[in-house]
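Q: Dropping the structure in here first, questions after.
The values are calculated or read from the model by the stated rules, or taken from the named source; none is laboratory data. Since this is a predicted model, take the numbers as computed values, not measurements. Using ideal geometry, Cβ is built from the backbone for each residue, glycine included, and neighbour counts are taken over all protein chains shown. Ligands, DNA and RNA are excluded from the accessible area calculation, which covers all protein heavy atoms including side chains. Shrake-Rupley method; radii C 1.70, N 1.55, O 1.52, S 1.80 Å.
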Amino acid sequence: MSIEPPLTPEPREASRRDTVLRIALPIAVLALGVLAWDLAVRLTDTPAYKIPSPGVVFSTLREDWPVLSSSLLVTLTTTFEALGLAVVGGVALAILFSQSRLVEYSLYPYAVILQVTPVIAIAPVLLIYLEPSVAVLACAWIVAFFPVLANTTLGLRSVDHNLADLFRLYGATRRQVLWELKLPAALPYILGGLKIAGGLSLIGAVVAEIAAGSAGAGSGLAYRIVESGYRLNIPRMFAALLLLSVAGIVIFFALSLVSHLLLRRWHESAIVREV
């Protein structure tokens with residue numbers, strides 16, 4: 001007697017359905033949340049200066065777009081500059097650590113101290129000695145730097161020792177081992193640190209802009225939030241907060257896409273397998 005295998009959907013159909021669910025379910029939850037927000041404001045008759053309805057927020061976003069878009073551009077410029085500096089500095093220093101344990105033992109503790117010190121405490125000090133724009137950039141860089149450094153260092157240390165010994169057995173130089181073995185093997189770790197640093201650089205820029213705004217010098221989106229709070233312009237505050245949230249989501253998905261494109265052909269974490 002033969003036993004027939006259970007009927008299962010086609011692999012491509014199951015994969016397509018999974019993709020649709022991953023997109024549709026978050027959108028449905030967001031729509032329900034916005035609907036509940038709108039109903040709560042309407043039923044309780046809450047004034048806009050306390051909690052604005054979604055319609056008021058979107059209309060404010062449209063009306064104040066010239067001001068908010070220019071502030072968003074300032075914040076995003078700082079974010080990407082800090083992220084670029086964090087990637088270059090973090091990867092370079094991690095490579096230096098992998099080549100010299102003495103350098104790692106000398107400098108790594110200070111990188112940890114820099115990371116665990118709250119940036120909100122550092123920002124006022126930097127604003128005293130630096131130009132406001134440079135101080136904001138420095139704060140965003142401080143927050144984004146350590147994840148890149150720590151992940152890259154971990155990736156360079158996680159290379160298979162048997163492969164490293166094989167490279168040396170065939171006469172590879174330290175430079176060849178680094179460029180042809182360690183860095184490719186550490187690429188998933190570097191990209192993981194990059195995704196973390198992308199969000200943190202935006203957070204660092206926002207915190208520093210709030211401190212700069214309190215000091216009377218600011219033009220970023222976080223400054224607009226503080227300014228709106230002082231003026232009780234709550235709809236503009238919500239609109240600016242919405243822009244910040246959307247910017248953070250776009251940065252995360254953009255960096256995730258970059259990671260997927262670089263890893264999809266060879267690394268287990270990015271290879272799409274049929275079920």
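Q: Can you tell me which of L255, L242 is open to solvent by 40 Å² or more (accessible area, probe 1.4 Å), modelled with pLDDT of 90 or more and in contact with a Leu (Cβ under 8 Å, 6 or more places away or on another chain)?
A: L242
Q: Moving to a separate point now. Of the residues in segment 31-43, how many are open to solvent by 90 Å² or more (accessible area, probe 1.4 Å) and at pLDDT below 90?
A: 2
Q: It is to be established whether one or more residues within segment 213-223 are under 30 Å from W65 (Cα atoms), assigned to a helix (DSSP H, G or I) and hydrophobic (A, V, I, L, M, F, W, C).
A: yes
Q: Helices (runs of 4 or more DSSP H) wholly in segment 64-161 with at least 2 residues that are in contact (Cβ under 8 Å) with a residue 24 or more places away in the chain and more than 30 Å from L183 (Cα to Cα) - which ones?
A: Fully inside segment 64-161 and qualifying: 65-99, 119-129, 132-157.
Q: Now a separate question. Would you mind finding the one in G229, G216, G220 that is under 28 Å from L126 (Cβ atoms), modelled with pLDDT of 80 or more and surrounded by fewer than 14 Cβ atoms within 10 Å (Cβ to Cβ)?
A: Testing whether each residue is under 28 Å from L126 (Cβ atoms), modelled with pLDDT of 80 or more and surrounded by fewer than 14 Cβ atoms within 10 Å (Cβ to Cβ) leaves just G229.
Q: Does segment 107-118 include one or more residues that are loosely packed, with under 15 Cβ neighbours inside 10 Å and within 30 Å of A239 (Cβ to Cβ)?
A: yes
Q: Okay, moving on. Quick one: which residue in V91, V74 is open to solvent by 50 Å² or more (accessible area, probe 1.4 Å) and touching a Ser or Thr at 6+ places or on another chain (Cβ under 6 Å)?
A: V74
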